[in-house]
Each structure stands twice: as structure tokens, then as C-alpha cells.
Amino acid sequence: MESKDMNYDQVKERLDELKVEFTEQRSELNKEQVDSMREENKSLKERMNEFKLERETRDNKIKEALEIEENNGDVKIIAEKRGDENKMNKEQNLGYESVEYRNAFLKNLMGQDLTEVEER
């Protein structure tokens, strides 16, 4: 079975098996077998790193969702402006307390058209 088709537990188990096989049969292995084991080990470690990245991404998304929930549903929009030489991040809070929200609320009551930012 290839490492890309294995789940986390299977990869971890196979890494442990390879370690045991290598230590027990070290003197009996030829160069080709050692190279093959090293390649498999490398492939399995790369797959483990993929699992770690997936977990970190998932944990970050959960953390962001909890932060939004704690802020009473305020949404933070991060806009990136890319120039030739620099990169700038701008954070804008468009929650209940923002000027844009208040303006949109009042314009809606008066029946006026909203701007693009106020429609968000």
C-alpha cells in the first residue's frame, strides 16, 4: 500500500515497523534493501508532515470560528493590497459597532441605496 493511501495510524504503524525491521535485520540487509527502506521511510515521513499541516489548518479554522463567536458575530475582513515592492494587510471590523454598519442601518430605514461596503 502506498503512503498516500494510508491514514495517520497506518503511517505511524508502518514507520514503527520499518524502524524495528531495520534495527533487527541491519547486518543482513544489502544496499538495495537499505535504500528501499530509506525511500519508504522518507515517503512515510512526508505523509506525516502532510497530516500535521492538515491538522494545523483545521485547528486554525476552528480557532478563527471560536474568535468570531466570542466577538458576537463580528466579521473581520482582511484585504491584501499587493504592490511591486511591498505587501500591506489591512484589517477592517464590520461588526455591529462599525460606522459602516450604522450607516447601512440608517440608510436602510430611510430607503436609500447602500454602498458596496455597507451591503456587506
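The values are calculated or read from the model by the stated rules, or taken from the named source; none is laboratory data. Just so it is clear, the structure is predicted and the values come from calculations on it, not from any experiment. Note that we place each Cβ from the backbone using ideal geometry, even for glycine, and neighbour counts take in every protein chain shown. Note: accessible area is taken over every heavy atom of the protein model, side chains too, but ligands, DNA and RNA are not part of it. Shrake-Rupley method; radii C 1.70, N 1.55, O 1.52, S 1.80 Å.
Of everything listed in (1) at pLDDT 80 or above; (2) farther than 30 Å from Asp5 by Cβ; (3) open to solvent by 70 Å² or more (accessible area, probe 1.4 Å), the single unmet condition for Asn103 is (3).
Does the stretch 3-12 contain at least one residue that is touching a residue at least 24 places away in the same chain (Cβ under 8 Å) and surrounded by fewer than 11 Cβ atoms within 10 Å (Cβ to Cβ)? Within the stretch 3-12, one or more residues are touching a residue at least 24 places away in the same chain (Cβ under 8 Å) and surrounded by fewer than 11 Cβ atoms within 10 Å (Cβ to Cβ).
If the condition is being surrounded by 10 or more Cβ atoms within 10 Å (Cβ to Cβ) and outside any helix (DSSP H, G or I), then the stretch 13-67 contributes Gln25, Leu29.
Among the residues of the stretch 15-50, the ones that are hydrophobic (A, V, I, L, M, F, W, C) and over 15 Å from Glu2 (Cα atoms) come to 4 in all. Of everything in the stretch 48-99 that is within 23 Å of Val117 (Cα to Cα) and among the polar types (S, T, N, Q), the residue that is modelled with the highest pLDDT is Ser98. For the stretch 55-74, the condition holds for no residue, the condition being that it is more than 29 Å from Ser98 (Cα to Cα), in contact with a helix residue (DSSP H, G or I) (Cβ under 7 Å, 6 or more places away or on another chain) and not aliphatic (A, V, I, L, M).
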